[in-house]
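Every number here is computed from the coordinates shown, using simple stated rules; none is lab data. Everything numeric here is computed off the predicted structure, so don't read it as measured data. For neighbour counting, all protein chains shown are included, and Cβ atoms are generated from backbone atoms with ideal geometry for every residue, glycine included.
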Amino acid sequence: MVKAVKIGHSDVIANPLGLGTNAVGGYNLFPNLNDEDGRQLVDAALSNGINLLDTAYVYGLGHSEELVGDVVAKHDRDKIVIATKGAQDFSTGEQVINNDPKFLTDQVNKSLERLGVDYIDIYYIHFPDHDTPKAEAVGALQKLREEGKIRAIGLSNFSLDQIKEANADGYVDVVEDEFSLLHQDHLNEGMLDYLHDHQISFVPYFPLASGLLTGKYERDVKFPADDIRSQIADFKEPRYSTILEAVDKVRPVASAHNATVAQTILAWYLQNPLISVVIPGAKKASQVIANAKAMDLTLTTEEYSIIENAFEPFKNTQSGKSLKDPD
């Protein structure tokens, strides 16, 4: 069993496998979601050793937070790590990214209400805006930490230069950004080295690359226009076939452990010293329960290298993120 990890400079302790909840109430991101399915998969996480729940206001415009809060209320709050995010301002009728200290303070208070809790363990600025000085935005969160409303300060989707500016006073505990075996840009940018040197935790999202690293996809695949995957370059040729070829090299390692490809990939992340917590998403409770078993899987040094080498070509990929950041 893998050990729990400390988040940055804070006193937040989490198990290294969390749950991304964009498909819990995220009706604006995925079609045909069911609220009860969402509650069940959150409950399955908490009942199977996953104690970090990662949500955000923009997942269903607060609905994901509400569903997460419903389930948290039935469990021991002190044993749960809730992470949520905010920056999206819809006050004009259109989405604008806003890091103004007053806006962020208001967003934290509204998230507390939706979640039905007294404090949030990790609060991320979901995206950087163009105008607010980054250290000022973080300073607003530091004030909320001093008030006991949040326990750790996070940044999501910030560039390395923006992270450095935001961390001017040393308040940043954790950074969340896209990172997977298919999207390793941050290794080349030096971001992960900076985070490691400054004791800032790193939490990658999309670790299974929208399911591509689970081994479930065949050569021919198509998605409806309202499915988020239809917008992702990874699902388009010739990159798509190259990805499937790399995934095939993981299958023998998975078989050796009587594990799935997804569990084996997650185990690789759990053993990566640059990663603190990995947060795969899910749509079914059965997927969450299966993912949790990755915490019991230990790869040998050779197996770890086999997986790393299989995806070596993607270290030089300049594709950036799967989806564009909002303006």
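Here are a few things to note about the model shown:
- Residue in region 154-168 that is part of a helix (DSSP H, G or I), closer than 18 Å to GLN199 by Cβ and in contact with a Gly (Cβ under 8 Å, 6 or more places away or on another chain) present: yes
- Failed item, numbered, when VAL117 is tested on (1) closer than 16 Å to SER156 by Cβ; (2) of a type outside the set (Lys, Arg); (3) touching a helix residue (DSSP H, G or I) at 6+ places or on another chain (Cβ under 7 Å): (1)
- Filter result (out of contact with any helix residue (DSSP H, G or I) (no Cβ under 6 Å at 6 or more places or on another chain) and within 19 Å of VAL278 (Cβ to Cβ)) within region 81-94: VAL81, ILE82, ALA83, LYS85
- Qualifying residue in region 258-270 (condition: of a type outside the set (Gly, Ala, Ser) and on the phi > 0 side of the Ramachandran plot): yes
- All positions within region 158-211 that are within 20 Å of PRO326 (Cβ to Cβ) and hydroxyl-bearing (Ser, Thr, Tyr): SER159, TYR205, SER210
- Put simply, of THR264, THR214, THR242, THR260 the only residue that is farther than 29 Å from ILE50 by Cα, in contact (Cβ under 8 Å) with a residue 12 or more places away in the chain and surrounded by 13 or more Cβ atoms within 10 Å (Cβ to Cβ) is THR242.
- Restricting region 85-106 to residues that are closer than 19 Å to SER64 by Cβ and not acidic (Asp, Glu), the residue that is farthest from the chain's Cα centre (by Cα): PHE90
- Every listed requirement among (1) β-branched (Val, Ile, Thr); (2) over 28 Å from VAL172 (Cβ atoms); (3) under 23 Å from the mean Cα position of the chain (by Cα) is met by ILE200 save one, (2).
- Checking each residue of region 276-284 against the condition of being surrounded by fewer than 17 Cβ atoms within 10 Å (Cβ to Cβ), assigned to a helix (DSSP H, G or I) and of a type in the set (D, E, K, R) gives no match.
- When the residues of region 152-174 are filtered to those that are among the small types (Gly, Ala, Ser) and surrounded by fewer than 16 Cβ atoms within 10 Å (Cβ to Cβ), the one that is nearest to TYR205 (Cα to Cα) is SER159.
- Filter pass, VAL175 being over 17 Å from GLY62 (Cβ atoms), among the aliphatic types (A, V, I, L, M) and not in a helix (DSSP H, G or I): yes
- Flag for ASN48 being buried (at least 24 other Cβ atoms within 10 Å of the Cβ), in contact with a helix residue (DSSP H, G or I) (Cβ under 9 Å, 6 or more places away or on another chain) and in contact (Cβ under 8 Å) with a residue 12 or more places away in the chain: no
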